[in-house]
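The values are calculated or read from the model by the stated rules, or taken from the named source; none is laboratory data. This structure is a prediction, so every number in the text was calculated from the model and none was measured. Note: ideal-geometry Cβ built from the backbone for every residue, glycine included; neighbour counts use all protein chains shown.
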Amino acid sequence: MQFGVVSLFPEMVRTIGEYGVVGRAEQRGLITLDTENPRDHTSDVHRTVDDRPYGGGPGMVMKFAPLAAALEAAKGRLPEGCPTVYLSPQGQVFDQSMAKRFALLPGLILLAGRYEGIDERLVESHIDEEVSLGDFVLSGGEVAAMAVIDAVVRLLPDVLGDDESAAQDSFMDGLLDHPHFTRPEEISGHKVPDVLLSGDHAEIARWRLKQALGRSYSRRPDLLEKLDLTDEQQTLLDEYLKEQRQ
Ligand code: 4FN
């Protein structure tokens, strides 16, 4: 899959390709990650990419022309059928189902904004989709673009090892994680649950699923509402809630 990111801080975006899973995917040729700086698409001596907002007020707005040229250059390097996504607080909130949809594409062009955002006419002419990471103020869209790339790359064929892959498409898909423990067995009187030391793999799987269901129910009921629990899962959740009340 090919990623093109339009940003005033391309070095910042490049760093995502230097670490961990995304870095290895790029080294192995499973993805490409290219950046396009709107500043390289200016023609004035000051290389101006921003201007004052019509109507007045604080802050600056990213100018249409350099951004349009940068987006077109990025699009020109990617195959047909690669949508342009603007990372923006006005967008649909990004989640795992959107990541799965993006992972089926040949590529993605991501636009990261700065200042107060971009000239609205660019949204109309060059943007296919607006996507938001959530409801908080950022100084720029770069970290949001990097988060989208990370989430999508992990879903591509052959990117993850067998273990990580198995963990991903398990029966706990869509649920919060169960608690994790590693050595030592006891820390300041806090012991690892006995079942995890029992060696009974069926019982361990049952306990983990129960924990995942219970934690999702208590902390993120919105996640559970998106799922259709099996009778067995509903039974486990009921058991969890009964145990909590005791
Ligand atoms: N942010 C809010 C309301 C008004 C403005 C902002 C804000 C970066 C270019 C956009 C922010 C959050 C999640 C991109 C926020 C995201 C951005 C994102 C983002 C500079 C203009 C700006 C009501 C959400 C708090 C700055 C709310 N996901 N403006 O942050 O790009 O992708």
Based on this model, can you work out whether Val159 counts as closer than 17 Å to Gly17 by Cβ and either without any contact (Cβ under 8 Å) to a residue 40 or more places away in the chain or more than 15 Å from the chain's Cα centre (by Cα) (or both)? yes
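Matching residues to (1) loosely packed, with under 14 Cβ neighbours inside 10 Å; (2) in contact with a Pro (Cβ under 9 Å, 6 or more places away or on another chain); (3) farther than 22 Å from Asp95 by Cβ; (4) of a type outside the set (D, E, K, R):
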{"position": "His190", "(1), (2), (3), (4)": "yes, no, yes, yes"}
{"position": "Pro193", "(1), (2), (3), (4)": "yes, yes, yes, yes"}
{"position": "Leu197", "(1), (2), (3), (4)": "yes, no, yes, yes"}
{"position": "Ile204", "(1), (2), (3), (4)": "no, no, yes, yes"}
{"position": "Asp228", "(1), (2), (3), (4)": "yes, no, no, no"}
{"position": "Thr235", "(1), (2), (3), (4)": "yes, no, yes, yes"}
So for the range 86-97 (the condition being more than 6 Å from the ligand (Cβ to nearest atom), closer than 16 Å to Pro38 by Cβ, out of contact with any helix residue (DSSP H, G or I) (no Cβ under 6 Å at 6 or more places or on another chain) and part of a strand (DSSP E or B)), does at least one residue qualify? yes
Hey, could you check the range 17-47 for residues that are assigned to a loop (DSSP other than H, G, I, E, B), surrounded by 12 or more Cβ atoms within 10 Å (Cβ to Cβ) and among the β-branched types (Val, Ile, Thr) and say which is nearest to the chain's Cα centre (by Cα)? Ile31
Return the residues of the range 112-147 that are of a type in the set (D, E, K, R), within 8 Å of the ligand (Cβ to nearest atom) and buried (at least 17 other Cβ atoms within 10 Å of the Cβ); say none if nothing qualifies. Arg114
Since Ser165 meets every condition but one in (1) within 16 Å of Lys100 (Cα to Cα); (2) polar (S, T, N, Q); (3) within 16 Å of the ligand (Cβ to nearest atom), which condition does it not meet? (3)
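Yes or no, residue by residue, for (1) closer than 28 Å to Val13 by Cα; (2) at pLDDT below 95; (3) in a helix (DSSP H, G or I):
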residue: Phe136; (1), (2), (3): yes, no, no
residue: Val159; (1), (2), (3): yes, no, no
residue: Asp177; (1), (2), (3): no, no, no
residue: Arg183; (1), (2), (3): no, no, no
residue: Leu196; (1), (2), (3): no, no, yes
